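Asker: Have a look at this one.
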Amino acid sequence: MKNIRLGVNIDHVATVRNARGEKYPSPLKAAILSEKSGADSITIHLREDRRHIKDTDLKIIKSKLRIPLNLEIAATREMLKIALKNKPPFICIVPEKRKEITTEGGLNLDYKKNFLKEIIYKLKKNNSRVSLFIEPSKKDLIKSKLLNADCVEIHTGKFCNLVNQNKNYKKEFDKIRNVVYLGNKLGLEVHAGHGLTYKSSKILSKIKGIKEFNIGHFLIGESIFVGLPNCIKKFRKIIK
Ligand code: PXP
């Protein structure tokens, strides 16, 4: 029994909504439907430029959801304040660059190290589970442990690109597997996310010790064709 939890990232429901400045499609509706369809948690990324999820989305989704809300934030004073106020049960700290299309890589754990330490301490004290989004690197894993994070989420973007391009992914797969193994040994809960599809999540689910997948772009896109409940059910089947 692998028991990998499925976190559904609904950012891109907000992307479609914001493209026309309407109230629909509603991220709240997507969150509730995902919950009903078997998601274990809902992930939203409140970006500095608010390009998809807005502050009002965070507030309403947090108040209506029964499964845990996983809030992704950059390591900034503004986001720390918002996270402390809204108290999401799960928080994932991610790097953020203004011009990027999506989160391009893992955190630089040497940059603003003391601030990272402070954020993690304050969020944990506020009863949020804190995860760090990192590259599949043993060095970053050890640094995450020293920063006292509860979990790490491994950036799977490079691996997923190789799978999508039908290229040899063995080296990247082994790298992720070794990091998962060491993470578990260090007592960190290990998650994985970014770019995951049916195919790449199926391959990665073979790695023992991954506790959670966070999946957004492909899942929301595929839902256009098969519906959100069917897509979530299919992912659940694949990763169980
Ligand atoms: N995990 C983290 C930490 C992310 O930043 C993202 C992208 O926002 C995802 C998972 C989901 O990635 P994707 O949308 O490519 O499935």
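Rule-based calculations on the coordinates, nothing more; no lab input. Just so it is clear, the structure is predicted and the values come from calculations on it, not from any experiment. All Cβ positions, glycine included, derive from the backbone under ideal geometry; neighbour counts span all protein chains shown.
Asker: Take ILE238 and tell me if it is hydrophobic (A, V, I, L, M, F, W, C), more than 15 Å from the ligand (Cβ to nearest atom) and more than 16 Å from ASN9 (Cβ to Cβ).
Answerer: Numbers: hydrophobic (A, V, I, L, M, F, W, C): yes; more than 15 Å from the ligand (Cβ to nearest atom): no; more than 16 Å from ASN9 (Cβ to Cβ): yes.
It is false that ILE238 is hydrophobic (A, V, I, L, M, F, W, C), more than 15 Å from the ligand (Cβ to nearest atom) and more than 16 Å from ASN9 (Cβ to Cβ).
Asker: Quick one: would you say GLY216 is within 16 Å of the ligand (Cβ to nearest atom) and touching a residue at least 12 places away in the same chain (Cβ under 8 Å)?
Answerer: On the way: within 16 Å of the ligand (Cβ to nearest atom): yes; touching a residue at least 12 places away in the same chain (Cβ under 8 Å): yes.
Taking the combined requirement at face value, the residue satisfies it.
Asker: While we're on this one: Condition test on ASN178, is it among the polar types (S, T, N, Q), more than 16 Å from the ligand (Cβ to nearest atom) and under 30 Å from ASN114 (Cα atoms)?
Answerer: Answer is yes for this residue.
Asker: Another one. What are the residues in region 117-129 that are touching a residue at least 40 places away in the same chain (Cβ under 8 Å) and buried (at least 22 other Cβ atoms within 10 Å of the Cβ), if any? Give the steps one after another, and end with the answer.
Answerer: The first filter runs over region 117-129 and keeps only residues touching a residue at least 40 places away in the same chain (Cβ under 8 Å), leaving 119, 122-123, 126-129.
Within region 117-129, ILE119, LEU123, SER128 meet the criteria.
Asker: Out of (1) away from the ligand (no atom under 16 Å from the Cβ); (2) closer than 14 Å to VAL8 by Cα, the odd one out for PRO68 is which?
Answerer: (1)
Asker: Sticking with this structure for a sec: Looking only at region 141-173, which residues are more than 13 Å from the ligand (Cβ to nearest atom), in contact (Cβ under 8 Å) with a residue 12 or more places away in the chain and of a type in the set (D, E, K, R)?
Answerer: Matches in region 141-173: LYS143, LYS145, ASP150, GLU172.
Asker: Working only within region 1-34, note down all residues that are among the small types (Gly, Ala, Ser) and within 16 Å of the ligand (Cβ to nearest atom).
Answerer: Here is the first cut: in region 1-34, the ones among the small types (Gly, Ala, Ser) are 7, 14, 19, 21, 26, 30-31, 34.
Once the filter is applied, which keeps residues that are among the small types (Gly, Ala, Ser) and within 16 Å of the ligand (Cβ to nearest atom), region 1-34 yields GLY7, ALA14, ALA30, ALA31, SER34.
Asker: Ok, one more. Going through LYS64, LYS36, LYS87 one at a time, which residue ends up being over 16 Å from the mean Cα position of the chain (by Cα), in contact (Cβ under 8 Å) with a residue 12 or more places away in the chain and at positive phi?
Answerer: Numbers: LYS64 fails: at positive phi; LYS36 fails: at positive phi.
After ruling out the rest, the residue left standing is LYS87.
Asker: Another question, if that's okay. Quick one: which of SER37, SER63 is surrounded by fewer than 17 Cβ atoms within 10 Å (Cβ to Cβ), more than 24 Å from ILE101 (Cβ to Cβ), more than 16 Å from the ligand (Cβ to nearest atom) and of a type outside the set (Lys, Arg)? Step through it out loud before you land on a result.
Answerer: On the way: SER37 fails: surrounded by fewer than 17 Cβ atoms within 10 Å (Cβ to Cβ).
So the residue among SER37, SER63 that is surrounded by fewer than 17 Cβ atoms within 10 Å (Cβ to Cβ), more than 24 Å from ILE101 (Cβ to Cβ), more than 16 Å from the ligand (Cβ to nearest atom) and of a type outside the set (Lys, Arg) is SER63.
Asker: Determine whether ILE120 is within 22 Å of SER205 (Cα to Cα) and within 18 Å of the chain's Cα centre (by Cα). Even if it seems obvious, please write down each step before you answer.
Answerer: Working: within 22 Å of SER205 (Cα to Cα): no; within 18 Å of the chain's Cα centre (by Cα): yes.
No: the conditions fail for ILE120.
Asker: Which one of these does MET79 not meet: (1) within 23 Å of VAL16 (Cβ to Cβ); (2) within 16 Å of the ligand (Cβ to nearest atom)?
Answerer: Checking MET79 against (1) within 23 Å of VAL16 (Cβ to Cβ); (2) within 16 Å of the ligand (Cβ to nearest atom), the one that fails is (1).
Asker: Take LYS29 and decide whether it is outside any strand (DSSP E or B), in contact with a Ser or Thr (Cβ under 9 Å, 6 or more places away or on another chain) and either among the basic types (Lys, Arg) or over 18 Å from HIS217 (Cα atoms) (or both). Explain how you work it out, then say what you get.
Answerer: On the way: outside any strand (DSSP E or B): yes; in contact with a Ser or Thr (Cβ under 9 Å, 6 or more places away or on another chain): no; either among the basic types (Lys, Arg) or over 18 Å from HIS217 (Cα atoms) (or both): yes.
It is false that LYS29 is outside any strand (DSSP E or B), in contact with a Ser or Thr (Cβ under 9 Å, 6 or more places away or on another chain) and either among the basic types (Lys, Arg) or over 18 Å from HIS217 (Cα atoms) (or both).
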